[in-house]
Amino acid sequence: MEEVEIISREDRDDEETYEVVPITPLRRLEERLKRLEMSTVVPQLQTLITQIIELIKTNQRLVDDVMHANSQLRNELERIATKIDKLTSSLSDLLEMIKAASQEELEALHAKIEIPEIKVLVEMQKELIENNKRVVELLERLDKKIRVGTPISQILAHYPQLKLRKYPGVKTQ
């Protein structure tokens, strides 16, 4: 025997109408839907949950690895700082040794310079410096006399070694 459900329709005001709907096909559809939901969704949810758990575990391993690498990097950086300090002190010592060696080389070089030919050259250079100073003094005096207005004939009489040349394009007063 089939089960039926009576549904009232109140579309019409004047009379009541009823519709007979068999329930068995509806119940079959409901059961089938439940089976489908249970069979497809639950395993998919379980695989999704399993995948999420695996992802979380992998993520945690990555975080652990990064933390471990970070601590190792910090340790290495601390070691580098001490090594840099040692290197700096070693370089300072090296520079001091180079300075001391260069001082010794300079002193040895000065001792070798006592060669007689060099002494002669040094004396000649000193004489040239003195001569240049005298020439500069004479030129300064001559410039003062020219500015004061002393005639050229008096200047030439006073400095007989002075020779003047005429240059083309230069006008004399």
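Any read-out appearing in this document is the output of simple, stated calculations on the displayed coordinates, not a laboratory observation. Computed from a predicted model, the values in this text were never measured in an experiment. In this analysis, Cβ positions are derived from the backbone assuming ideal geometry, glycine residues included, and neighbour counts consider all displayed protein chains.
You can think of it this way: the chain between TYR159 and LYS99 has 16.1 nm of extra reach, that is 0.36 nm per residue less the Cα-Cα gap. The distance between label points at VAL63 and VAL136 comes to 8.3 nm (points 7 Å beyond Cα on the Cα→Cβ vector). Gain on full extension, evaluated as 0.36 nm per residue between LYS144 and VAL120 minus their Cα-Cα distance, stands at 5.0 nm.
For THR150, no residue whose modelled amide H falls within less than 5 Å of its own remains once neighbours fewer than 5 places apart on the same chain are excluded. In a simple Cβ point-charge model (Lys, Arg +1; Asp, Glu -1; nothing else charged), the range 115-164 has a dipole of about 300 debye relative to its Cα centre. For LEU91 and SER71, the difference between the fully extended length at 0.36 nm per residue and the C-alpha to C-alpha distance is 4.2 nm. Scalar couplings 3J(HN,Hα) for the range 55-62, obtained by applying the Karplus form with A = 6.51, B = -1.76, C = 1.60 to θ = phi - 60°, are 5, 5, 5, 4, 4, 5, 4, 4 Hz; x denotes Gly and Pro.
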